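Remarks on the structure that follows.
The values are calculated or read from the model by the stated rules, or taken from the named source; none is laboratory data. Here the structure is a predicted model, which is why all the values come from computation and not from measurement. Positions of Cβ are generated from backbone atoms using ideal geometry, with glycine treated the same way; all protein chains shown enter the neighbour counts. Ligands, DNA and RNA are excluded from the accessible area calculation, which covers all protein heavy atoms including side chains. Shrake-Rupley method; radii C 1.70, N 1.55, O 1.52, S 1.80 Å.
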Amino acid sequence: MKKFKYLKNVVTLQIDQDKCNGCGMCMEVCPQQVFTLAGKTSSITDRDACMECGACARNCPQQAIYVRPGVGCAYAVLMDKLNIKGKCCGDVCGCSLDNIPDH
Amino acid sequence: MSNQLNKLPMIDDNQESTCRPDEQNTASFEDTGSANWITGQLETNAGPVYQVAAVLDRKDLTGSIKARLGLGRMDYIIPPGLYAVGNPEPTSPVLVSANYKLSFDQLRRELAGLNLWILVLDTKGINVWCAAGKGSFSTAELMRMVDATSLGEIVSHRTLILPQLAAPGVSAHAMRKESGFKVVYGPVRAADIPEFLSGNNKAEPEMRHPSFTLPDRLILAPIELVAMLKPALGLIGLFFLLNMAALLADKSPIIFISLLRQSLMDFAPFFAAILIGIVLVPALLPYIPGRALAWKGWVLGVLWVLVYTVLITTSAGWLQTAAYYLAIPAITAFLGMNFTGSTTYTSLSGVVKEMSFALPAIILSASLGLIGLIAGYFI
Ligand code: SF4
Ligand code: SF4
């Protein structure tokens, strides 16, 4: 299936290849197939597809990845700006990815 | 009530949650035994465990329809704990899930004929993905539930299969180090679980990417449409008042029915704009040029005004036409931007960037459009 891509050159994703041991965990957890194994280390090959979910950084045993994780939801950003709490995910908006039979 | 069930933690009502008001956490274990999806109990080393049905009955289905429409979805919580599907043994796999009933239902209905355990975490009734992003589906919560259910005594192995979409919240290596349990990320879709389990816990690359097909993109449309009900009624009310004011200014007689009919007619292009923003933008998402979602919405809005003013209405003067061009694309752009929350691919940085431009533009355009619309009634 065609991969959807969002804006170009905006994401905060970074990898320090000197720390990487090539374990492959980032490739396993990334829902957007951002990484590929280049030689013995992981490298970012589809940066604009990154949705900043933070899965790679949290699961990298070498702490080789940095990303500022967040939810790419305009409604949440707006509520945050207006300092309104308690109105997110699954409450009012479709913020929840309920549509994905998730497991 | 058995020991094991007593040991299971209740939802902590005092816990601060930025995501949901607290009083909604009402699930309790006392009621669980009588829930429609419980089929029996299974004895284990650490006490009895509820067995759950691997098929959904009518109550599950009407519940999920209600949840989709935003009705009573707050009650849609599964009490956290360990559950059994079929007749699992100590060697059977353990799947981990959120306590949002839709997530749980989508999981169990794919498990017919399998014997396994499901560990339901307390994710405050939120689905896996949101819970992982918001920190309630976390390494700490996973550890807490493994302890609370004495999972280590019930199963002989040390492997937990988590939904891949939980990975933003859980650190596999930290879990292993601190609890001895190995975390394996399963497929994104519950439907792929049987294949995943039979294939030695290996997920094929295509199992790791959430699909975002036409039905995926449209399934949230009903809930968004319901949310637009109030603004829509407000707009109809505004048109009603404006029509009335225009008649009064003209000293014309006021006939309620014709006033209402006129107001609904005035609302029609906006009604279409709402449908376009909520249904058509998601439906045509891959085919509308450009990347920013506000932009995609804006493009369709402009096209609609073009169609409307050229082909459908003949009575719009220059002022009204200009007002349509300002107001309607602003609405579709806003709804398009709002759809970022329903996608599987938008990043926070991208949304912030998009909003920094789109939001002021939308507000300006909508305000000017509104002024033009109002002025149109009196000129
Ligand atoms: S998870 Fe970390 S160490 Fe492993 S391949 Fe990715 S970057 Fe390298
Ligand atoms: S943040 Fe998420 S989408 Fe981006 S590279 Fe990491 S795992 Fe992939």
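Being assigned to a helix (DSSP H, G or I), more than 10 Å from chain A (Cβ to nearest Cβ), in contact (Cβ under 8 Å) with a residue 24 or more places away in the chain and of a type in the set (Val, Ile, Thr) is the filter here; which residues of the stretch B:313-355 pass it?
Result: B:328, B:331, B:332.
Residue under question is residue B:172, and the condition is that it be open to solvent by 50 Å² or more (accessible area, probe 1.4 Å) and hydrophobic (A, V, I, L, M, F, W, C); does it hold?
no
Would the stretch A:43-50 turn up any residue that is out of contact with any Leu (no Cβ under 9 Å at 6 or more places or on another chain), assigned to a helix (DSSP H, G or I) and modelled with pLDDT under 95?
yes
Return the total of residues in the stretch A:58-86 being within 9 Å of the chain's Cα centre (by Cα) and either more than 24 Å from residue B:209 (Cβ to Cβ) or within 14 Å of ligand 1 (Cβ to nearest atom) (or both).
Looking only at that region, the number is 1.
Only one of A:57, A:74 is facing chain B (nearest Cβ under 7 Å) and either surrounded by fewer than 23 Cβ atoms within 10 Å (Cβ to Cβ) or at pLDDT 75 or above (or both); which?
The match here is A:74.
Yes or no, residue by residue, for (1) within 12 Å of the chain's Cα centre (by Cα); (2) within 11 Å of ligand 1 (Cβ to nearest atom):
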{"position": "A:20", "(1), (2)": "no, yes"}
{"position": "A:28", "(1), (2)": "no, yes"}
{"position": "A:38", "(1), (2)": "no, yes"}
{"position": "A:45", "(1), (2)": "no, no"}
{"position": "A:54", "(1), (2)": "yes, no"}
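Test each condition in (1) away from ligand 2 (no atom under 12 Å from the Cβ); (2) buried (at least 16 other Cβ atoms within 10 Å of the Cβ); (3) farther than 15 Å from residue B:172 by Cβ for residue A:17 and report the one that comes out false.
(2)
Name the one entry in B:238, B:225, B:233, B:197 that is in the same structural domain as residue B:110 (by TED's automatic domain parsing) and in a helix (DSSP H, G or I).
When all the criteria are applied, what remains is B:197.
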